[in-house]
Amino acid sequence: MNEAIFSKLEQRLGRLHAKLRLGIETDHEAQIFGQGINFFHIENWYSVHSVIRTTLKLMGLYWRGRKNAEQIQVRHNHISMKTLPSRFDGFTLLHISDLHVEMNEGAMRRLTELLPELTYDVCVLTGDYRGATFGPFDGVLEDLARMRSHLKEPVYGVLGNHDTIRMVPGLEEMRIRMLLNECETILRGDQLIYLAGIDDAHYYRVDNIEKAHQKFPRMDFQSCCRIRRKSTARQHTPVSICF
């Protein structure tokens, strides 16, 4: 464990939280087992990946699949909320998820081509920055930094089940505000909304939506508008966006 990274995590999370999170990850990497809903995760069984890849090549589908992965599309989802503060009418979130940057260079190139053309107010990155679930990640951070240079401020992020907490200092050094069971306030004039992000709930089970919810005044957290891999929306006041 790099002492400089641990020192930054200790300052960022507190010594107890940092040691606990790193301990959970160490156990995971030693066992190559998850701790989430499904005890054994086939995505960690790398021999299976090789078998699938070889089978697809023999069937002539592998390179077609990689080409399809490069056909990135921008989808627009319009959400109407009667309780949305008026100054946030037309407010736009750019949501990017599951980059797995080292798995397809062509897809990452296509993404960086698209980004300058997009208009948005806030960008949120919802995890799975790497394809592997353990091991080195320096190359992943380098690729992410190249993509980050094409994003407008502000950028917020959370970790996915493929990501290690050790990536957080590097991500925040490239001006991605990581939300680890935390909340940020977004202001427009005298009106505001809350943006909250929770830590991984799949492998490491370190999500704590109650902690992320602490800044929200007079609001039942179960009625917040949540943006996740599977999105749901409900109306309430004041408005929060959780991911």
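The values are calculated or read from the model by the stated rules, or taken from the named source; none is laboratory data. Remember, predicted model here, so these are calculated numbers, not experimental data. Heads up, the Cβs are rebuilt from the backbone with ideal geometry, glycines too, and the neighbour counts pull from every protein chain shown. SASA here: full protein model, heavy atoms, side chains in, ligands and nucleic acids out. Shrake-Rupley method; radii C 1.70, N 1.55, O 1.52, S 1.80 Å.
For the stretch 160-172, how many residues meet the condition of being open to solvent by less than 10 Å² (accessible area, probe 1.4 Å) and out of contact with any helix residue (DSSP H, G or I) (no Cβ under 6 Å at 6 or more places or on another chain)? First the steps, then the outcome.
As a first pass, look at the stretch 160-172 and keep what is open to solvent by less than 10 Å² (accessible area, probe 1.4 Å): 160, 163-165, 167-168, 171.
Okay, now just the ones that are also out of contact with any helix residue (DSSP H, G or I) (no Cβ under 6 Å at 6 or more places or on another chain), so 160, 163, 167-168, 171.
Here the count works out to 5.
For residues that are open to solvent by 60 Å² or more (accessible area, probe 1.4 Å), without any contact (Cβ under 8 Å) to a residue 24 or more places away in the chain and under 16 Å from Gly170 (Cα atoms), tally how many sit in the stretch 5-29.
1
Residue by residue through the stretch 111-136, note down the ones that are of a type in the set (Phe, Trp, Tyr) and either farther than 27 Å from Asp207 by Cα or open to solvent by less than 20 Å² (accessible area, probe 1.4 Å) (or both). Give the derivation first.
Looking only at the stretch 111-136, we keep the residues that are of a type in the set (Phe, Trp, Tyr), and these are 120, 129, 134.
Selection gives Tyr120, Tyr129.
Which pairs have Cβ atoms under 9 Å, sit 6 or more apart or on different chains, and link a residue in the stretch 69-87 that is of a type in the set (A, V, I, L, M) and at pLDDT 90 or above to one that is surrounded by 12 or more Cβ atoms within 10 Å (Cβ to Cβ) and part of a helix (DSSP H, G or I)?
Val74/Leu114
Test Trp45 against the criterion of being at pLDDT below 70, open to solvent by 80 Å² or more (accessible area, probe 1.4 Å), out of contact with any Phe, Trp or Tyr (no Cβ under 9 Å at 6 or more places or on another chain) and more than 30 Å from Val122 (Cα to Cα), and give yes or no. It would help to see each step written out before you state the result.
On the way: at pLDDT below 70: yes; open to solvent by 80 Å² or more (accessible area, probe 1.4 Å): yes; out of contact with any Phe, Trp or Tyr (no Cβ under 9 Å at 6 or more places or on another chain): yes; more than 30 Å from Val122 (Cα to Cα): yes.
Spelling it out, Trp45 is indeed at pLDDT below 70, open to solvent by 80 Å² or more (accessible area, probe 1.4 Å), out of contact with any Phe, Trp or Tyr (no Cβ under 9 Å at 6 or more places or on another chain) and more than 30 Å from Val122 (Cα to Cα).
So, of the residues in the stretch 68-77 that are assigned to a loop (DSSP other than H, G, I, E, B) and not polar (S, T, N, Q), which turns out to be most open to solvent (accessible area, probe 1.4 Å)?
Keep residues of the stretch 68-77 that are assigned to a loop (DSSP other than H, G, I, E, B), which gives 70-77.
Okay, now just the ones that are also not polar (S, T, N, Q), so 70, 72, 74-76.
On the way: Glu70: 48, Ile72: 55, Val74: 68, Arg75: 192, His76: 143 Å².
Step by step, filter the stretch 68-77, then rank; the result is Arg75.
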